[in-house]
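Down below is the structure, laid out as C-alpha cells.
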Amino acid sequence: MRSLVADARGLRRLDPGLFSLKRAARAAIVMPGVFAFADNVIGDPQTATFAAFGSIAFLVFADFGGSRRTRLVAYLSLAVAGAVFIVLGTLCSRDPWIAAVAMAAVGFAVLYSAVISGYFVAGGTAAMLTFVLPVNLPADPSAIPARLEGWGLAAAVGISAVMLLWPSQPPDKLRAAIASACLALADLLECELSRDSSRVTEQAAAVREAMGALRRDFLAAPYRPTGPTNSAAGIAFLVDELDWFQSFIFSPGQAEPRLDLCHDENREVLAAAVAVLRESAATLDGRGGDPDLERLARARDAVADAVTRRIAAVPSKGDEVELSAALEPSFRTRALSFSAGQIGRNALRATGGREPADADEVRAAGWYRPAVLEASAVQARSALEETGRRVAAQASPRSVLFRNSLRGAAALAVSVFVAQNLGVQHAFWVVLGTLSVLRSSALGTGATIVSALAGTAVGIVVGAGLIIAIGTNEVVAWAVLPLAVLLAAYAPRVISFAAGQAGFTLVVLMLFNLIQPSGWQVGLVRVEDVAIGFAVSIAVGVLFWPRGAAVLLRDNLATAYARGADYLAATVHRLAAGGDSSVPEQAARAAGVAARRLDDGFRQYLGERSAKRMNMDSIATLVAGARRVERTALSLLLLTRRTDASALGDSCTRAVDPEVQALQRWYTTLGDALLRGRPPPPQDQADTRARRRVLDCARDAVSGGDDARIGAALTLLWASQHLENLWRLESHLARPAEDAARASPRAVGA
C-alpha cells in the first residue's frame, strides 16, 4: 500500500496535475476508435491508414497551448495545411526525383516557419507527417479522395476530442514565473521604501531566486515565445525587460541594491512602480489586474522637475562627485519608471488586454516592436509586415535556424529518394526515422540515434512477442492497440525518449499487423527502414555543417555585441547632436536582427548534445550582456525621446563622444575575442574629464534659466548615466569571457 502511495506521489511530481496522463489517455481512447471505424466500417485501406496516422498527428504530435479560441484556430489551421500536403504529396509520390524535390521544399518551409511563431514549431512535426506519409506511399491521384476522407475523419474527431475531452491545459509556467518575478521585484522596492535594511537583504535574495527561475523556465520552454502576435511578443519582451529592470536595482558587482531615496518625488515613482508590478502580476495570473500607467507617468514627470531643482541646489563650486551623488537616485528612479511602464504595457499585450497607446514610445522603440494600432485591419497588416521582417532577418548562413532548415530539408529529400529507389517496404518509415533524429550536428544526431535505436529495439522485441502470442486473434490485437498508444503518448513526457520510441514502434507494428497481418516480419521491415533513415541522417549531418551550434553561437555573440554597440553610438549621436532620426532606426534594425539570431543560436546550443561545452552560467551571462547593450540604446531613446542636447552647443554635446567611442570599441573587440577564442580586451578607464564637462554644462544651463538648455542638459546627464552602467558591465563580463576563451576549440586544440 505504501509503495502504491509513493508511486502515485512520484507520478504527480513528474506530471503535476496529471495533464500528460490525461492527454495520453485521450489519444488511447480516440485514436483506436477512429482507426476501427475507418478500417471496419468504411473498409478502405487508404482511409484507414490516414485516419490512424492523422489521429496520431492531432492527438500525439501536435500540442498547442493558449486560450481555447487560439488552440481551436491552430488545430483548424493544421487540418487545412494537412489536407494541402496530402494532395501535394500524393501528386508527387510516383516519381522519386519529383518526390525528393517536393520533400525538400516542404521540409524547408515547415522547419523555417519556426521563425514566425512557437505555434509553427508545436505543429511542425504533425504537419510534416501529412506530407511524409503520402509522398512515400505512391498512389494515383484517384487515391486522393480516400486519403482526404481519412484525414478529415481524424481532424473532425481529433479536434473535437482535444477541445471537449479533458480540454484543460497545464498552467503556463513561463507566465507564472514572470508574475512571480514581478512580485519579488515589487516586494524589494517596498523594502527600500520602508528603509528596512534587513528585509532588503532578504528580499534581494528572493529577487535573484525568482529571476533565476524565470531564466531557467524561459530557456527550458520547448517552444520559445516569439512572433508578430501581441501575446507572444509581449511574453518574450517581458523576460528581457524584467532583467533590464533588475539591472537598475542591482549594479554589476554590487551585492545589495542602492538605497538612496531622499526625495518625495523619487519615493512616489517607486510606489507607482510597485503598484504597476503588482497589477502586472495579477494580469498575468488571470486575476484581472489593471496597471496604473498614468500615475507612473505623472510621477516620472515630477522627477524631471525635481532633478532641475536638485541641480540648482548644488553649490556651483562643488565637485563632480558631489553632483553625481545628488543626481544618481533621480536618474535611477526615472529609468525604473520607464521600465515599469514597459512591463505594464507588455503584461497587457501578453494577456490580450488593451494596451495604452503611446505614439512617441512606439516610434522610439523602433522597427521590431509592433505599433499599438486601433483598427483590426491595420493590426493584421502590421503583423504581416513583422512576419516578413522576421523571415528576412533569419535568411542568412549566420542563422542557426536557416542552416538547420536547409540541412533538415536536404536530409528529408535524400531519405525520400533513397527509400523510393531502394524499394524499401513502407518507405515512409525511412523518412520518419530521419525526421525524428535531425539535430544541429552529427554528434547530436548520434546521441538521438542511440536512444531511438534502443527504444525501437525494445518496441520490436515486445511487439514481436505480442504478435506471436496474439497470432490471428484480432480481438486481442485491438485490445492491445490502446495500451500501445497510451505508452507512445505518455512515455516521452514522463519516462524517456527511448521509452516513447518503444511505444511508438509498438503502435506501428500493431497498426500494420491489423491492416495487413504479417506477424513478426513487420518488425524486421521496421528495423531495416529506420536503420536506413538513421544512416542517411548521419551522412547528411556530417556532409553539411558538421561544426554544430557552438561556433555559430560565438559568431552570433560577436555580431550582437558589434551591432548593439553601433546602435548605442548612433542613438547617443542622435540624442546629443540632433542627427538624422533614420540613423538610429537603421542601427536598431541591424541590432534587432543580430539579437534574434543570438537568441536562436543560444536556444540551439542549449539543445545540442556535445561533450565540449562552455560553462552555462558564463555563456548565459554573455548572451544577457549583449542584450543589455542593445537595451541600453533603446532605453536611451525612450528616456530622452522628447529632447536632444543640440541646444547646448558642440562644446557640450561632444563631451560624451570619447566615452561612446571607447565603449563601442571595447564591446566590438569583446565580440571579436569571443569569436576567435581569445581573452577579453583590457578594460578602459572611464573618462572623468568628459563626465566633468557634462556636469559643468548642466550647471551652466541651470544658472542660465533657459528651459530648452536645461532639458538638453538633462538629456546629456541621462546619457552619461547609462554609459556609466555600461562601464560597470564591462567588469561583469570579463570573467565569463575568459571562461569562454578557455573553452574555445582554438584554446583546447579541438
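How much FRET efficiency would the formula 1/(1 + (r/R0)^6) give for A206 and R665, where r is the Cβ-Cβ distance and R0 is 56 Å, rounded to 0.05?
Numbers: r = 38 Å, r/R0 = 0.68.
Rounded to the nearest 0.05, the efficiency is 0.90.
From the square roots a ≥ b ≥ c of the eigenvalues of the alpha-carbon gyration tensor of region 18-104, which class results: rounded (a/c under 1.5), prolate (a/b over b/c), or oblate?
Working: a/c = 2.41, a/b = 1.35, b/c = 1.78.
The shape class here is oblate.
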Cut-off 19 Å (backbone N to label point 7 Å along Cα→Cβ of N421), residues of region 72-96:
92-96
Going residue by residue through region 181-195, the Karplus relation 6.51 cos²θ - 1.76 cosθ + 1.60 with θ = phi - 60° gives ³J(HN,Hα) values, rounded to whole Hz and with x marking Gly or Pro, of 5, 4, 5, 5, 5, 5, 4, 5, 5, 5, 4, 4, 4, 7, 6
Can you compute the FRET efficiency between A213 and I29 using 1/(1 + (r/R0)^6), with r the Cβ-Cβ distance and R0 = 45 Å? Round to the nearest 0.05.
0.80
Virtual spin-label span in nm between S703 and R742, 7 Å along Cα→Cβ:
5.3
Mind checking which of M211, L189, A114 is farthest towards the positive end of region 98-212's charge dipole, using Cβ charges of +1 (Lys, Arg) and -1 (Asp, Glu) about the Cα centre?
A114
Spin-label pair D290/S160, simplified geometry with 7 Å Cα→Cβ offset, distance in nm:
4.2
Extension gain, S67 back to S197 (0.36 nm per residue minus Cα-Cα distance, nm)
42.5 nm
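By how many nm would the segment from R689 to V475 grow when fully extended, if each residue of separation counts as 0.36 nm and the alpha-carbon distance is taken off?
On the way: separation 214, 0.36 × 214 = 77.04 nm, distance 8.85 nm.
So the chain would gain 68.2 nm between R689 and V475.
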Checking rank on 92-105, 407-420, with mean other Cβ inside 10 Å and highest first, the result is 407-420, 92-105
Here the gain from full extension of D672 to S77, 0.36 nm per residue of separation minus their alpha-carbon distance, amounts to 209.8 nm
I'd like the Karplus ³J(HN,Hα) series for region 296-302: coefficients 6.51, -1.76, 1.60, θ = phi - 60°, whole numbers in Hz, and an x wherever there's a Gly or Pro.
5, 5, 5, 5, 5, 5, 5
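Rounded, prolate or oblate: which one fits region 16-170, using the alpha carbon gyration tensor with axes a ≥ b ≥ c (rounded when a/c is under 1.5, else prolate when a/b beats b/c, else oblate)? All intermediate terms of the calculation are to be shown ahead of the outcome.
On the way: a/c = 2.42, a/b = 1.28, b/c = 1.89.
The shape class here is oblate.
Only the coordinates and a few stated rules stand behind these numbers; no lab work does. In this text the structure is predicted, and so the values were computed from the model without any measurement. Glycine gets a Cβ as well: all are built from the backbone with ideal geometry, and neighbour counts include every protein chain shown.
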